[in-house]
1. Against the condition in contact (Cβ under 8 Å) with a residue 60 or more places away in the chain, open to solvent by 40 Å² or more (accessible area, probe 1.4 Å) and charged (D, E, K, R), how does Lys71 come out, does it pass?
2. Of the residues in the range 66-80, how many are over 14 Å from the mean Cα position of the chain (by Cα) and assigned to a loop (DSSP other than H, G, I, E, B)?
3. Which of the residues spanning the range 148-178 are in a loop (DSSP other than H, G, I, E, B), open to solvent by 20 Å² or more (accessible area, probe 1.4 Å) and closer than 16 Å to Gly246 by Cα?
4. Name the residue, out of Thr61, Thr43, that is in contact with a Lys or Arg (Cβ under 7 Å, 6 or more places away or on another chain), under 25 Å from Lys216 (Cβ atoms) and open to solvent by less than 10 Å² (accessible area, probe 1.4 Å).
5. Please verify whether the range 102-112 includes one or more residues that are out of contact with any Lys or Arg (no Cβ under 7 Å at 6 or more places or on another chain), over 28 Å from Glu254 (Cα atoms) and acidic (Asp, Glu).
6. Just to be sure, is Ala322 at pLDDT 95 or above, under 29 Å from Gly286 (Cβ atoms) and open to solvent by less than 70 Å² (accessible area, probe 1.4 Å)?
7. Report the residue count in the range 411-425 for those that are open to solvent by less than 30 Å² (accessible area, probe 1.4 Å) and in a strand (DSSP E or B).
8. Can you tell which of Leu90, Leu103 is touching a strand residue (DSSP E or B) at 6+ places or on another chain (Cβ under 8 Å) and over 21 Å from Phe325 (Cα atoms)?
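The values are calculated or read from the model by the stated rules, or taken from the named source; none is laboratory data. Values in this document were obtained by computation on a predicted structure and should not be read as measured data. Reconstructed Cβ throughout: ideal geometry from the backbone, glycine too, with neighbour counts over all protein chains shown. Heads up: the accessible areas ignore ligands, DNA and RNA and are worked out on the full protein's heavy atoms, side chains in. Shrake-Rupley method; radii C 1.70, N 1.55, O 1.52, S 1.80 Å.
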Amino acid sequence: MIKNILCVALCLCSIFIEAQTNNKTELDNLFNKIETENKAMGTVSVFKNGKEIYQKNLGFTNLKTKQAPNKFTKHRIGSITKTFTATIVLQLIDEGKLSLNTLLKEYFPEIPNANKISIEDLLRHQSGLANITKDKSIRSWISKPQTRKQMINRFIKNGIDFEPKEKSEYSNTNFIILSYIVEKIDKKSFSKILKNRITKPLQLKRTEFGKAIKSKNNEALAYYFESNKWNLIDMQTNMSAPMGAGAIVSTSHELNIFFNNLFSEKLTSKTSLKNLMTIKNGLGLGITQFDFKGLKIFGHDGSIDGFQSYALYIPKKNISIAFTFNGFNTITMPLVISILEAHFKNDPTLEKKATINLTSEDLDVYLGVYSNETFPAKITFTKKGNVLYAQATGQPIFKLIAPEKDSFIYDAMGIRFDFNLKSKTINLTFGGKKQVLKKEE
């Protein structure tokens, strides 16, 4: 009996080790391809149950000196900063120093609609305040030190795009204001607040309020890809401008530590974490959420000065994935999905959609190019054998499955194409929004 139990245990252990090896192999293959094709430079980290199970470095942090990245290399993380800021705000709410219903007028009554905009409106991007990054003069001041007064004056001048709670529309202005509010409450700089409330308790030694980049200190320089080579980006945002909207630097490893602690209730109360994860109009509190094959995934992306980053957490699997890139020559969400597909390849617990069988000849009626005047890309449908593929302009090609006649989906991202063969149109559904595209003759 004991011998049989040991055999079963050894078998299960062998299967688990093989699955992890396969995952590593799949991820290595993906990132080796990305590096070879000059799609990205930077670092990647995967955590399971709070421990790192995969780490990968790509390209260079400094092409001139041929300095390669490692797990300790600092990158600007852009808007992932918003999740840190939201966490600090929720901590203040847990301490009774603030509430989601507190109005902006309590701190900055001079800002338009301050008597209507709540803390929750700022956190959910539903304040209606114009996005400061759309300021027409931004290039003249973004690389210079900015005072709070200068930024507030710009918020007043730029005004509002819509009334509070009317809708959700991404605006960096919201989180810059939130960082000013926490400074007023804690009576410290945002840099010190970040250290006292998050980085010091979690022992994050490479996560901090950003300064001018120093390559010799293992800090990555940013590059863009053009003329078949990586080119240095010599403009740097002064972090006094983005503040709580995008001023933090970190590593993929430490982003995973932060996300694991956040989603295990070690940084906020259970109630505050639930509020953070509650999605309204597509947004949580400083977080976004999407579905992947039956899994709910919470995360945030970041983009600043050529740096591109993403951090996500999967509660059902207790897995977090983060990447911090200083060179980026692809599209973020398709890459995120490719990483998830590589990591979860052959995982039997993930949802699989029921499909109908089609022959290669059946697919001929769907082939062609579809577009409309307002949609930003053309979508080309091709086939290989009895499988239909779709590709938007400038994006990777992806395989479709058919849940029913004249309908196809890209299951991983929840994209659906419903063909109307009579009118030669398709209804494209993605993220709750619909577009009608017409076949080009």
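1. The answer is yes for Lys71.
2. Final tally of qualifying residues: 7.
3. Tyr170
4. Result: Thr43 is the single residue among Thr61, Thr43 that is in contact with a Lys or Arg (Cβ under 7 Å, 6 or more places away or on another chain), under 25 Å from Lys216 (Cβ atoms) and open to solvent by less than 10 Å² (accessible area, probe 1.4 Å).
5. yes
6. Against the criterion (at pLDDT 95 or above, under 29 Å from Gly286 (Cβ atoms) and open to solvent by less than 70 Å² (accessible area, probe 1.4 Å)), Ala322 qualifies.
7. Count: 4.
8. Criteria check complete, one pass: Leu103.
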